[in-house]
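Reading through the structure tokens given below for one structure.
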Amino acid sequence: MPPIRSANINVMDQAARKAARHLIRDFGEVEQLQVSIKGPGDFVSAADRKAEKILRDELSRARPNFGFLLEESGEVPSKDGHRWIIDPLDGTTNFLHGIPHFAISIGLEWRGELIAGLVYDPLKDETFVAEKGAGAFLNERRLRVSKRSELSRSMIGTGIPVLDWPGREKGFAAQLERVSDKVAGLRRLGTASLDLAYVAAGRFDGFWEYGLKPWDIAAGIILIREAGGMVSHLEGEQPWSDPGTLVVANADLHTQLTRLLSP
Ligand code: IPD
Ligand code: CA
Ligand code: CA
């Protein structure tokens, strides 16, 4: 049970846990299907849709007036200005390949402003939650971003462009070269919501990725803000959900990382 005892956080936590039980069972199946010729592709899409349906059913039962932005099934209009922003399975490629690192991400907006977020890693049973003004937590522990201020000692996360990725020409190779020359560690863990949660928890000192979608980042952004970190777009000031390159870190490193990533 997360330490923020607000009604919305409880609702999010219960919905995530229910969907996670199915994801964990399906992940067990995927590990078996891995070696089959067809592979687990269709099975994983079904698991993804099932998790989304559970989240949607649970959250609409508890909060009938709230709208949705769902990765798989799109938008449901809000009746009262609240909107859930949901990725039912973040880290699909990991899941598909039997790599035990994926999450459920639920953000909550009110009139366009992020007011709460929860990222749940079912295999590690780690719940990252934040609520505006109430702080960020990992299970029972209060989160703060790292205090490291030297890039040369920092661990930075990113997302690496792959096949069919629309941002190939965005200069990632040059950014990677510049960053890798300066930092102590670089990771591509493949689950953006957890990458952001790890910055909030001080496991990563910073992170950047181009082309993330609102459902990848809604919960993670409020986690970082409530943990005292900085969130911005490399392309300049813009609403949190606009497309672009998300750059997050503690205040000291954020300036240095942004400078290093800028063309
Ligand atoms: C993906 C993951 C990944 C990021 C991709 C996302 P999905 O989400 O968050 O870390 O690099 O840009 O699309 O497809 O697994 O939900
Ligand atoms: Ca995602
Ligand atoms: Ca997803």
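The values are calculated or read from the model by the stated rules, or taken from the named source; none is laboratory data. Predicted, not measured: the structure shown is a model, and the values here were computed from it. So basically every Cβ, Gly included, is an ideal-geometry build from the backbone, and we count neighbours across all protein chains shown. Just so you know, the surface numbers come from the protein's heavy atoms only, side chains and all, with ligands and any DNA or RNA stripped out. Shrake-Rupley method; radii C 1.70, N 1.55, O 1.52, S 1.80 Å.
Couple of notes before you dig in:
- Net dipole in debye of the chain [+1 Lys, Arg Cβ; -1 Asp, Glu Cβ; about Cα centre; nearest 20]: 580
- Dipole magnitude of region 21-123 about its Cα centre (Cβ charges: Lys, Arg +1; Asp, Glu -1), debye to nearest 20: 320
- For the peptides 100-112, 53-65, residues were scored by their other Cβ atoms within 10 Å and the scores averaged per peptide; the highest-first order is 100-112, 53-65.
- Once the 1.4 Å probe is applied to the protein heavy atoms, the chain comes out at 46 Å² accessible per residue.
- Using the rule -39500 (n - 2.57) for each DSSP H run of four or more residues, divided by the residues of the chain, the 222 nm mean residue ellipticity is -11500 deg cm²/dmol.
- Here is what passes the span test in the chain: the DSSP H helices with alpha carbon length of 27 Å or more along the helix axis and a Kyte-Doolittle mean of -0.5 or above are 7-33.
- Oblate is the label for the chain, because the ratio a/c of its alpha-carbon gyration tensor axes (a ≥ b ≥ c) is 1.5 or higher and a/b is not greater than b/c.
- Sorting PHE204, PHE43 by accessible area puts them as PHE43, PHE204; the probe is 1.4 Å, largest comes first, and only protein heavy atoms count.
- Three-way shape label, region 213-263, alpha-carbon gyration tensor, a/c 1.5: oblate
- Measuring nothing but how far apart in sequence close Cα pairs (under 8 Å, 6+ apart) lie, relative to its length, the chain scores a relative contact order of 17 percent.
- Alpha-carbon centroids, region 171-213 and region 77-133: separation in whole Å: 19
- Between the residues ASN8, ILE99, GLN34, the greatest Cα displacement towards the positive end of the dipole of the chain, with unit charges on the Cβ of Lys, Arg, Asp and Glu, is found for ASN8.
- Computed about its Cα centre, the charge dipole of region 151-261 is approximately 280 debye, with only Lys, Arg, Asp and Glu carrying charge at their Cβ.
- The alpha carbon gyration tensor of region 185-253 gives principal lengths a ≥ b ≥ c with a/c below 1.5, which makes the shape rounded.
- With a Förster radius of 41 Å applied to the C-beta separation of GLU113 and ALA184, the computed FRET efficiency comes to 0.70.
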